[in-house]
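**Student:** Okay, handing you the structure first.
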């Protein structure tokens, strides 16, 4: 008798009282973890050595915790903007302007302080595809502004506090505001441009501190507190913002 088997890398379950849950095998995961995030739902990260059956058992064990966090997630999701012609939305340097045209395509133009988004006149502006394109256009505006602002800010703080780094990269990350590589490259999220200036600066200082302290041990927090003023308080305020919610 010959037996073959295929190990799944992910599976979607429908759990009574919870709804859809994604169970996903992550090679770098060291333990089972459950996350509940706005617009992404419930996800269980499973290390290579643990079965999906055990992951499913964890879901039932943590059902009350998941439901509590789903309620918080829904509150965040309700803050997601639906853009229409009555929406007043601006980045630091650009104002959103929605325009219809007689073509069957969508396009956006960053010009004279405006994010001009053109979409087909026969389409409803609340259509999912239109909303997705509007968000993409807004993110391009943030990227443009981030490239102008963030590298200069990094250079300013590096000089002020005596840090050394290599390059600054602007990214559209989904889960991190910033990161610092082993070679001291600073990666910053374009969505930092949405944050209050004090929190944007805090993220920059956080990553610069990692050029000296590579982990989040006591030495890191002592250094970050010294250069930011009140690191723990700023970190707590940062957690009130979600990268995917705006």
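The values are calculated or read from the model by the stated rules, or taken from the named source; none is laboratory data. Just so it is clear, the model here is predicted, and its values are computed rather than measured. Cβ atoms come from the backbone with ideal geometry, glycine included; neighbour counts cover every protein chain shown.
**Student:** Does the stretch 62-78 contain any residue that is part of a strand (DSSP E or B) and surrounded by 11 or more Cβ atoms within 10 Å (Cβ to Cβ)?
**Tutor:** No; the residues of the stretch 62-78 include none that is part of a strand (DSSP E or B) and surrounded by 11 or more Cβ atoms within 10 Å (Cβ to Cβ).
**Student:** Scan the stretch 196-207 and give yes if some residue there is surrounded by fewer than 17 Cβ atoms within 10 Å (Cβ to Cβ) and either under 25 Å from residue 72 (Cβ atoms) or within 16 Å of the chain's Cα centre (by Cα) (or both), otherwise no.
**Tutor:** yes
**Student:** Please identify the pairs in which a residue from the stretch 154-170 that is outside the structural domain of residue 205 (by TED's automatic domain parsing) and outside any helix (DSSP H, G or I) has its Cβ atom under 6 Å from the Cβ atom of a residue that is surrounded by fewer than 18 Cβ atoms within 10 Å (Cβ to Cβ) and modelled with pLDDT under 95, counting only partners at least 6 apart or on another chain.
**Tutor:** Close Cβ pairs satisfying both conditions: none exist.
**Student:** Within the stretch 150-157, is even one residue in contact with a helix residue (DSSP H, G or I) (Cβ under 8 Å, 6 or more places away or on another chain), surrounded by fewer than 16 Cβ atoms within 10 Å (Cβ to Cβ) and modelled with pLDDT of 95 or more?
**Tutor:** no
**Student:** (1) within 23 Å of residue 36 (Cβ to Cβ); (2) in contact (Cβ under 8 Å) with a residue 40 or more places away in the chain: which one isn't true of residue 188, the others all being true?
**Tutor:** Looking at each condition in turn, residue 188 falls short on (1).
**Student:** Okay, next question. Might you let me know whether the stretch 197-217 holds any residue that is outside any loop (DSSP other than H, G, I, E, B) and closer than 16 Å to residue 139 by Cα?
**Tutor:** There is no residue in the stretch 197-217 that is outside any loop (DSSP other than H, G, I, E, B) and closer than 16 Å to residue 139 by Cα.
**Student:** Which one of these is exposed (fewer than 14 other Cβ atoms within 10 Å of the Cβ), more than 17 Å from residue 137 (Cα to Cα) and touching a strand residue (DSSP E or B) at 6+ places or on another chain (Cβ under 7 Å): 45, 121, 29, 55?
**Tutor:** 121
**Student:** Please go through the stretch 11-25 and give me each residue that is under 22 Å from the mean Cα position of the chain (by Cα) and surrounded by fewer than 16 Cβ atoms within 10 Å (Cβ to Cβ), ordered by number.
**Tutor:** Across the stretch 11-25, the qualifying residues are 20, 22.
**Student:** For the stretch 126-135, indicate whether the set of residues that are under 25 Å from residue 245 (Cβ atoms) and in contact with a helix residue (DSSP H, G or I) (Cβ under 9 Å, 6 or more places away or on another chain) is non-empty.
**Tutor:** For the stretch 126-135, residues under 25 Å from residue 245 (Cβ atoms) and in contact with a helix residue (DSSP H, G or I) (Cβ under 9 Å, 6 or more places away or on another chain): absent.
**Student:** Taking the stretch 221-244, which residues are at negative phi and free of Cβ contacts under 8 Å to residues at least 24 places away in the same chain?
**Tutor:** Hits for the stretch 221-244 are 221, 222, 223, 224, 225, 226, 230, 232, 233, 236, 239, 240.
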